[in-house]
């Protein structure tokens with residue numbers, strides 16, 4: 001294409017943390033420009049947000065339905081090429097469905113939908129539309145996560161025996177559901193908005209997706225215990241899960257929002273018969289490789305010994321740290337290649353390196369199975385299909 005991709009956004013207006021992250025990530029490589037949006041369910045707030053972003057007022061809408069209809073009526077090349085969906089969980093399905101059926105590509109924040117029924121339905125809609133659909137499991141965008149994945153694919157770890165993934169946060173250890181103390185958590189603890197899970201649905205899915213992305217292993221069954229430690233909460237704020245993978249590997253997944261003192265400590269350890277890997281999101285530029293018969297190695301992003309998959313998404317030389325926004329931008333960059341091909345009428349790239357609707361359905365199945373397992377009297381619960 002000889003122009004930037006035109007981006008629209010639903011949600012993510014004034015005061016929305018994740019909306020700002022999406023805009024920064026989309027803008028980082030200069031291939032995308034924000035041109036339109038319905039930034040709030042409040043039309044006045046949406047207009048004010050559009051003013052913040054210096055948008056043409058005629059392209060700032062009072063509802064996502066109005067936006068989809070009016071954008072679709074514009075000529076190709078003037079209308080948006082894709083929409084980013086950053087609304088609350090219970091609206092992911094409706095907004096994505098609306099724009100897919102109006103003929104637009106979609107990038108959606110996770111989780112994919114409110115429940116499994118919506119997830120399966122959205123998968124069918126995406127397949128029928130033949131449009132690009134990307135889900136922002138952003139931790140897959142880190143260069144050293146891609147390096148870890150390549151090492152597993154090349155057999156450098158041998159047979160995978162065990163996967164240990166942790167995602168502890170401590171922000172919700174107190175009562176932060178009031179607007180005065182932190183509106184960030186208010187809707188996440190509401191089953192009518194968030195769905196059947198808070199902690200596992202919010203950050204547990206990131207831990208699960210990270211393990212699946214690096215190892216390629218499929219969960220066969222799990223034994224989960226989800227807890228709401230803070231009195232009055234209707235949804236979990238902590239989860240401990242034992243995993244059995246197809247092929248015999250075992251796993252442990254721990255996600256928590258009441259781990260006092262932890263910030264965003266996502267990390268993963270993968271143990272194989274030849275070697276093991278360890279990666280920490282709070283120190284993302286390093287990948288630790290461990291052996292039983294020689295000293296461990298620390299691989300660092302940006303060096304010549306790092307493989308192609310990691311190098312292709314590295315923007316700065318070694319010694320210049322890259323982190324959260326850059327990883328998020330890598331998801332956008334990969335999705336943008338496919339969207340540009342779709343808009344130009346070309347064949348979509350094979351095996352694109354961004355999370356798809358299939359990853360979203362799998363993530364929803366993970367949430368549903370964890371909740372089912374936690375409520376069950378049985379020790380193990382088969383993964384929901």
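Looking across segment 204-242, the residues that are part of a loop (DSSP other than H, G, I, E, B), under 22 Å from the mean Cα position of the chain (by Cα) and farther than 15 Å from residue 363 by Cα come down to 235, 236, 237. Starting from residues that are under 17 Å from the mean Cα position of the chain (by Cα) and surrounded by fewer than 24 Cβ atoms within 10 Å (Cβ to Cβ), keep the ones in segment 327-353 and report whichever is modelled with the lowest pLDDT. Of everything passing the filter in segment 327-353, 352 is modelled with the lowest pLDDT. Please work out if residue 306 is in a loop (DSSP other than H, G, I, E, B) and either touching a helix residue (DSSP H, G or I) at 6+ places or on another chain (Cβ under 9 Å) or farther than 20 Å from residue 153 by Cα (or both). It is true that residue 306 is in a loop (DSSP other than H, G, I, E, B) and either touching a helix residue (DSSP H, G or I) at 6+ places or on another chain (Cβ under 9 Å) or farther than 20 Å from residue 153 by Cα (or both).
The values are calculated or read from the model by the stated rules, or taken from the named source; none is laboratory data. Keep in mind that this is a model prediction, so the values were computed, not measured. Here the Cβ is made from the backbone with ideal geometry for all residues, glycine too, and neighbour counts use every protein chain on show.
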